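Take a look at the structure below.
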Amino acid sequence: MKENVPLVYIVDDDASVREGVADLLRSVGLQVEAFASPQEFIESKRPDAPGCLILDIRLPGPSGLEFQRTLASSDVQLPIIFISAHGDIPMSVRAIKSGAIEFLTKPLHEQQLLDAVYAGIERDRARRQEAGGLAELHLRFESLTPREREILSLVVSGQANKQIAAHLGLSEMTVKVHRGNVMHKMQAKSAIELVRITDKLGLSTRKA
């Protein structure tokens, strides 16, 4: 499985539902893995690829809602589409409030399911891209020297080069050199862009 190929997971103890949903998804070119229980899903080796999870809300043992909480605590962030043979409104409300993207009742409407799956894949792809961008920002920050991190902290606090020089006991020229290095390593074109970057990194409220 290529890392960029989306993968849809199905967890349902009803073999006929698993097979029917899997056949539908494969008919539109999607990659599918189906499991009879949450435990099978947990024990499986999942590729690093965007995707979503179609999850039956009523399962032997822990319910789908309980499994949703287990996944969240395990930092498995796949978007979840719940399916159920019962139109239980309170249960569907709890599922959506807990982060599910859709709650569909059986018998499933094919287009509704496909729409939900495509939406889930796009949401997961966007989340992964955002996480990748944040990881890149962290790498840039880690490339800074301790002195450059000091300079960064003072720049985003709004201090001018002259103030930073006085604060650190450096010459203004030295500060300019360090500041230039910071801008280059962080790939920022302005102090405002540096502020935005440090906000994304959660650095604005702590010392660099």
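Rule-based calculations on the coordinates, nothing more; no lab input. Everything numeric here is computed off the predicted structure, so don't read it as measured data. Ideal geometry is used to build each Cβ from the backbone, glycine not excepted, and the neighbour counts take in all protein chains shown.
Here are a few things to note about the model shown:
- Over the chain, dividing the summed -39,500 (n - 2.57) contributions of all DSSP H runs of at least 4 residues by the number of residues returns a 222 nm mean residue ellipticity of -17500 deg cm²/dmol.
- Contour minus Cα-Cα distance for Ser44 and Glu110 (0.36 nm per residue): 21.1 nm
- Of all aspartates and glutamates in the structure, the ones whose alpha carbon falls short of 17 Å from that of Lys45, not counting any fewer than 8 places away in one chain, are Glu3, Glu33, Asp75.
- Cα-only Debye scattering, the stretch 143-201: base-10 log of I(q)/I(0) at q = 0.16, 0.18 Å⁻¹: -0.41, -0.53
- Taking the number of Cβ atoms within 10 Å of each Cβ as an exposure proxy, the fewest-first ranking of Ser171, Ser37, Ser16 is Ser16, Ser171, Ser37.
- Extension reserve of the Gln187-Thr174 stretch, reckoned as 0.36 nm per residue once the Cα distance is removed: 2.7 nm
- Along the axis of the charge dipole computed for the stretch 84-205 (Cβ charges of +1 for Lys and Arg, -1 for Asp and Glu, origin at the Cα centre), the listed residues Leu152, Gln187, Leu134 are led at the positive end by Leu152.
- Average Cα contact separation per residue, the chain, under 8 Å, 6 or more apart, as relative contact order %: 15
- Modelled spin-label separation between Arg147 and Glu130, with each label point placed 7 Å from Cα along the Cα-to-Cβ direction: 3.8 nm.
- Each peptide in 150-159, 189-198 gets a packing score, the mean of other Cβ atoms within 10 Å over its residues, and the list from highest to lowest is 150-159, 189-198.
- Note on the stretch 143-201: lysine pairs with Cα distance below 18 Å, sequence gap of 8 or more or different chains, count 5.
- Neighbour-count ranking [beta-carbon atoms within 10 angstrom, fewest first] of Phe67, Phe141, Phe82: Phe141, Phe67, Phe82
- Most mobile listed residue (Pro47, Pro90, Pro60) in the chain, GNM with C-alpha springs under 10 Å: Pro90
- Answer label for P(r) over Cα pairs in 10 Å bins from 0, in percent (calculated), chosen among [x] 9, 34, 32, 18, 6, 0; [y] 8, 28, 21, 13, 15, 11, 4, 0; [z] 6, 19, 19, 18, 19, 11, 4, 2, 1: [y]
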